[in-house]
Amino acid sequence: MTSKISLYTIQFLIIILLTISCSKQEKTEEGIVKINKNGIPVMMSLQEELPKLSTSFINDKKYGVSRFFEKTWSEKNDNVAFLVAKNGQIIYENYMGYANKRTGEMITKEMPLHIASVSKVLTSTAVLMLIDAKKISLNQKLNTIITNFPYADVTIQTLLNHRSGMKNYAYFTFENGNWDKHKTLTNEDIVTVMVEKKIPLETKTDTRFSYCNTNYAMLALVIEKITGLTYAEAMKEMIFAPLGMTNTFVFDITKDRDMIAPSYRGSMEIGIDYLDGIYGDKNIYSTPRDLLKFDKARYAPFFLNPDLLKKVYKGYSYESKGTRNYGLGVRLIEWKKGETFYYHNGWWHGNTSCFINLRKEKVTMIVLSNKYTKKTYQTKQLAALFGDYPFKLDDNGED
């Protein structure tokens, strides 16, 4: 595992140098989009450092965060990678447990873990960058990009905000012998099954919110169609390499199954199955430190044009009363009193993940575990230490 991860690091360094030397800025009406030599938008690091935290502030918050960690992750057999930062500066981090029991490798700050549905945050970012660069538009019909796509009213936006009305591929490929489970399912296969088996929509497009992994599997295909690269290549070229995310990659089931950190339920290792070839909704491996680089870069002045950025962090589903909503690649909780809470959780096999972005306070919280546990989702409680968020430090449960 270690040697292959080192190879990823070397490849990243080469691509970073090429990105810096061969990229250019294209001025648009809204701002500046960074375009590389292949005509693809690339994400740039924040050039101006955010205000430096005082020692007293760091010590104060570190005390509260470390107490939470020690109380929550107290068992010796817990597996976790945990980080809390403000203004891009790490306040507290901790890594414990096995990345791979068979090899004896431990979880460290450099060890990539499966980030499950937190992958959607990165997939949506790549799509939004393509929108910002005028390669596609939010309201563009999906069948103008994927020509055999069967649902006429589905747009890029209804994929991003989970209002497409499509069914979950994990269910409709499993049912009625629609797919041979001995064969690895691909993103293209999902479309083929929808067409050949005449899979109906679950609900009429853009009538209600329904969280569905199929949406982001389709967005990965959009990225491939527009860039002319594989999803893995595009994510590396657009986001991972420019930001120096050297321990982040898209899992390739044909090449990487022997080098990844497996996941566990209790002491049992969970194997790979026919759904593990699908990407966009999942299948990114990363570390808290790499994800912090990504989150910090989203504060760059020209990350996205201001109008598009506002659309990312607004809710789109109000047909039912409640505080929970979904933007464009981000979950949010909107209270009558208090700041809007932005986050995304994940769960795939034994992997659980939590990515919290307190935008007003510029606080980032990232928790990854390759051993199934709901403790990961309790991290939201820490928001109360940094701003006006109505959480209590004894809340429990999964969001």
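Read-outs: derived from the displayed coordinates by stated rules, not from any lab. Not measured: the values here are computed from a predicted model. With ideal geometry, Cβ positions are generated from the backbone for all residues, glycine too; neighbour counts draw on all protein chains shown.
How long are the semi-axes of the equivalent ellipsoid of region 34-177, defined as square roots of 5 times the Cα gyration tensor eigenvalues? Whole Å, largest first. Could the numbers behind the result be given before it?
Details: eigenvalues 290, 128, 45 Å².
Computed over region 34-177, the values are 38, 25, 15 Å.
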(message) Can you compute the modelled spin-label distance between D252 and N139, with each label point 7 Å from Cα toward Cβ, in nm?
(response) 4.0
(message) If you average the alpha carbon positions of region 39-54 and of region 56-94, how far apart do those two centres end up, in angstrom?
(response) 24
(request) Quick one: what are the phi-derived ³J(HN,Hα) couplings along region 357-369, Karplus 6.51/-1.76/1.60 with θ = phi - 60°, whole Hz, x for glycine and proline? (result) 10, 7, 5, 5, 8, 6, 9, 10, 10, 9, 9, 10, 9
(request) Just grab the label-to-label distance for E188 and S267, each label 7 Å out from Cα along the Cβ direction, in nm (one decimal). (result) 4.4
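Let me make sure I get this right: for region 237-284, a, b and c are the square roots of the gyration tensor eigenvalues over alpha carbons, sorted descending. Under 1.5 in a/c it's rounded, otherwise prolate if a/b > b/c, else oblate. Which is it? Kindly include the intermediate steps, with their values, before the conclusion.
Values: a/c = 2.41, a/b = 1.80, b/c = 1.34.
The shape class here is prolate.
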(request) Could you give the spread of the C-alpha atoms of the chain along their three principal axes, from largest to smallest, in whole angstroms? (result) 59, 52, 50
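Please tell me which of these pairs span more than 32 angstrom C-alpha to C-alpha: K109/K374; K101/K197; K197/K371; K371/K392; K204/K282; K86/K120?
Details: K109/K374 21 Å; K101/K197 41 Å; K197/K371 36 Å; K371/K392 25 Å; K204/K282 25 Å; K86/K120 22 Å.
Listed pairs above 32 Å: K101/K197; K197/K371.
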(request) Put one equal scatterer on each alpha carbon of region 334-399, apply the Debye formula with no solvent term, and list log10 I(q)/I(0) at q = 0.12, 0.16, 0.19 1/Å to two decimals. (result) -0.29, -0.51, -0.70
(message) With the cut-off at 1.5 for a/c, could you classify region 280-399 from its C-alpha gyration tensor as rounded, prolate or oblate?
(response) rounded
(request) Would you mind classifying region 212-365 by shape? Square roots of the alpha carbon gyration tensor eigenvalues, ordered a ≥ b ≥ c; an a/c under 1.5 is rounded, otherwise it is prolate if a/b is larger than b/c and oblate if not. (result) prolate
(request) Give a residue-ordered list of calculated ³J(HN,Hα) values for region 64-75 (Karplus: 6.51 cos²θ - 1.76 cosθ + 1.60, θ = phi - 60°; whole Hz; x for Gly, Pro). (result) x, 5, 5, 4, 4, 4, 5, 6, 7, 9, 8, 6
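For region 130-276, what mean projected area does the convex hull of the alpha carbons give, in nm²? The partial results should precede the final answer.
Values: hull surface 42.4 nm².
If you wrap the Cα atoms of region 130-276 in a convex hull and average its projections, you get 10.6 nm².
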(request) Return the sequence-ordered ³J(HN,Hα) values of region 148-158 in whole Hz as given by the Karplus equation 6.51 cos²θ - 1.76 cosθ + 1.60 applied to θ = phi - 60°, using x for Gly and Pro. (result) 8, 5, x, 10, 5, 9, 6, 10, 4, 5, 6
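Defining a contact as two alpha carbons under 8 Å apart and six or more residues distant in sequence, what relative contact order in percent does the chain show?
On the way: 756 pairs, mean separation 90.3, N = 399.
The normalised contact order for the chain reaches 23 percent.
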